[in-house]
Amino acid sequence: MDKVKISKEMMPTKDQGSRHLSQETVNKLILQSQEAKKQAYSPYSKFRVGAAILTFDNRVFTGCNVENACYNLGLCAERNAISKAVSEGYRTFKAIAIASDLNDQFISPCGGCRQFMREFGSNWDVYLSKPDGSCLKMTVDELLPASFGPEDLSMKKVFDIPNEY
């Protein structure tokens, strides 16, 4: 886990894939997640979350959490942003930044969002941020170790399972 303090004075460097985003790109992605957070619909929890996901052609899709009176029908910011990107034809991502109003700790995605992110690979970056712009950089694999993904569905299975009921 890399702790990264955002600084506007840092010199940008050329992006070289998901593991080498320039500081300028990271700053911008975190700011976009903070902006997305402002659109959150969270009348019940009062817990606003925003996300900004970066594609390999440097397009950004944002999302915010959207709650529902029937609590389990709410939508997390991370899944909202990823779904927007997928609906536009994107399936691979460089990074996602997540923002909330937590000052004392970095926002962390729920288990469902971790699995949702894992659907699109395990080796891309996740920037967990605070309102002051500081962030903690992790990969999907670090957030969800020993995970189950699409490739596991193609593994050899036993199809002749006896019914013992």
Inverse mean reciprocal Cα-Cα distance (Kirkwood Rh) of the chain, Å
16.6 Å
Semi-axes of the equivalent ellipsoid for segment 64-141, please: Cα gyration tensor eigenvalues, times 5, square-rooted, ordered largest first, whole Å.
19, 18, 11
At 24 Å minimum axial length over the Cα atoms and a Kyte-Doolittle cut of 0.5, report the qualifying DSSP H helices in the chain, or say none.
none
Averaging sequence separations of C-alpha pairs under 8 Å and six or more residues apart, then dividing by the length of segment 2-154, give the relative contact order as a whole percent.
22 percent
Only four residue types carry charge here, +1 at the Cβ of Lys and Arg and -1 at the Cβ of Asp and Glu. Report the dipole size of segment 2-154 about the Cα centre in Debye, rounded to the nearest 20.
300 debye
Apply the a/c threshold of 1.5 to the C-alpha gyration tensor of segment 31-109 and tell me whether it is rounded, prolate or oblate.
oblate
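Coordinate-derived values only; no laboratory data. None of these values were measured; they are calculated from a predicted model. In this analysis, Cβ positions are derived from the backbone assuming ideal geometry, glycine residues included, and neighbour counts consider all displayed protein chains.
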